[in-house]
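In what follows, a single structure is set out as structure tokens and then discussed.
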Amino acid sequence: MSLSVLVVDDSAMARKMLIRALPPAWDITITQAANGVEALSHYRQGGVDVIFLDLTMPEMDGYQVLETLRHEDLNCLVIVVSADIQAAAQARVRAMGAIAFLKKPVDPVEVRAVLKEYGLVL
Amino acid sequence: MTMDFISDDQREALQEVANIGMGQAGASIAQVLGEFVELSVPQIRAVDAAEIPAALVALAGDGIASAVRQAFLGELRGEAIVIFSEHSAHDLAELMSYGDALDAPASRELLLDISNVLVGACLGGIAELLRAEIGFSAPSLLADQVSTHQLLQAEAIAARCALLVEVRFGLERRVFRCHLIILMAEDAVAALQRALDRFIEEL
């Protein structure tokens, strides 16, 4: 069954870079959002399995999205994708419920490793 | 001077590579200072040389600041200017445990060191993404605790217009603020455009 993946980043170019780094044979349907508000609105419609979430965004940033998801029923996997690669940023988002942290520019090998760890790809 | 001497695609690519460069710079100073660094979304615009001093005031705000200048050379050429808000040197000294021992020369040295780390990581990251070879000049103090209106005089700018890329760093629980500004003259922008086009094509 195809998984529903939500890619959240204010930069269309960054979304494109991430989507290109996903495993080509991964059976998914991709939805995109340009900020946290749009992301939550997609999420609340239901059915989202995996969210790739940028941290620095206008309107509502990635931290606020994680905070909100934590107070709603978080039943999807959140992978943070960020240029902010500080160790403290990584620790913060993990504490807020993200399952993994990928640094930009996203390395396809790292994406595959994370997806494999959570049984999302073979 | 119109805003569009780079295309929308080029601007967006530059925004993203600047974002990644800024992240690397932020992580580098976070490590040096042992503090969490707050990052902003990079701002990019084209400005006339005559507008640059005013643009710097708009970025840094009215007040007192110091600035360090460092040139980058090679496939991409331009100048990086790091503007430190008034009490930033004092904050840095505390974080680096200089305590009260911070005299003026040591304070200036600290600003040069931090600039060097920021510029090296940020521009180095951008150049690596764009697969361009660059080198750096030694950092030099451009202004020492002056009004932001006097940071940079229009006469000191050789180019007719410039591309201005601004990234901002702040520390939680501290007043420390600095801006990293990348200035590239018209002819250097052509090389940047080629590098950005190559980057976009390979996406």
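The values are calculated or read from the model by the stated rules, or taken from the named source; none is laboratory data. Since the model is a prediction, treat every value here as computed from it, not as a measurement. Please note: Cβ atoms are built from the backbone with ideal geometry, for glycine as well, and neighbour counts cover all protein chains shown. Ligands, DNA and RNA are stripped out before the accessible areas are found, and what is left, the full protein with its side chains, is counted by its heavy atoms. Shrake-Rupley method; radii C 1.70, N 1.55, O 1.52, S 1.80 Å.
Quick notes on this one:
- Pairwise Cα distances in segment B:1-69 exceed 20 Å in 50 percent of cases.
- Ordered from longest to shortest, the equivalent ellipsoid semi-axes for the protein assembly as shown are 36, 23, 17 Å, each the square root of 5 times a Cα gyration tensor eigenvalue.
- Average silhouette area of chain A, convex hull of alpha-carbon atoms, in square nanometres: 6.8 nm²
- Under 16 Å from a label point set 7 Å out along the Cα-to-Cβ vector of B:PHE136, the amide N atoms of segment B:23-48 belong to B:23-33.
- Entry note: chain B has Rg to Rh equal to 0.96, where both radii use alpha-carbon atoms and Rh is the Kirkwood radius.
- If R0 is 51 Å, the Cβ-Cβ spacing of B:HIS149 and B:ASP9 corresponds to a FRET efficiency of close to 0.90.
- Förster-model FRET efficiency, 30 Å R0, B:ALA106 and B:ARG77, C-beta, rounded to 0.05: 0.40
- The accessible surface of segment A:1-101, taken with every protein chain in place and a 1.4 Å probe, is 51 percent carbon and sulfur.
- Take the Cα of A:ASP49, step 7 Å toward its Cβ, do the same at A:LEU122, and the gap between the two points is 1.4 nm.
- Modelled FRET efficiency - R0 30 Å, A:GLN64 with A:ARG20, Cβ distances, 0.05 increments: 0.65
- Projecting the Cα positions of A:ALA25, A:LEU40, A:HIS71 onto the charge dipole of chain A (unit charges on Cβ atoms of Lys, Arg, Asp and Glu, taken about the Cα centre) puts A:ALA25 furthest along the positive direction.
- Accessible area buried between chains A and B, both sides summed, probe 1.4 Å, in Å² to nearest 100: 1700 Å²
- Euclidean distance between Cα centres, segment A:49-82 to segment B:33-53, Å: 26 Å
- Positive minus negative residues near A:VAL80 (Lys, Arg vs Asp, Glu; Cβ under 10 Å): +1
- From its DSSP helices (H runs of at least four residues, each -39,500 (n - 2.57)), the protein assembly as shown gives a residue-normalised ellipticity at 222 nm of -13000 deg cm²/dmol.
- Charged-residue dipole, Cβ positions (Lys, Arg, Asp, Glu), segment A:36-80 about Cα centre, Debye nearest 20: 80 debye
- Residues of segment B:10-25 buried by at least 50 Å² on assembly (accessible area, 1.4 Å probe, chain alone as reference): B:GLU12, B:GLU16, B:ILE20
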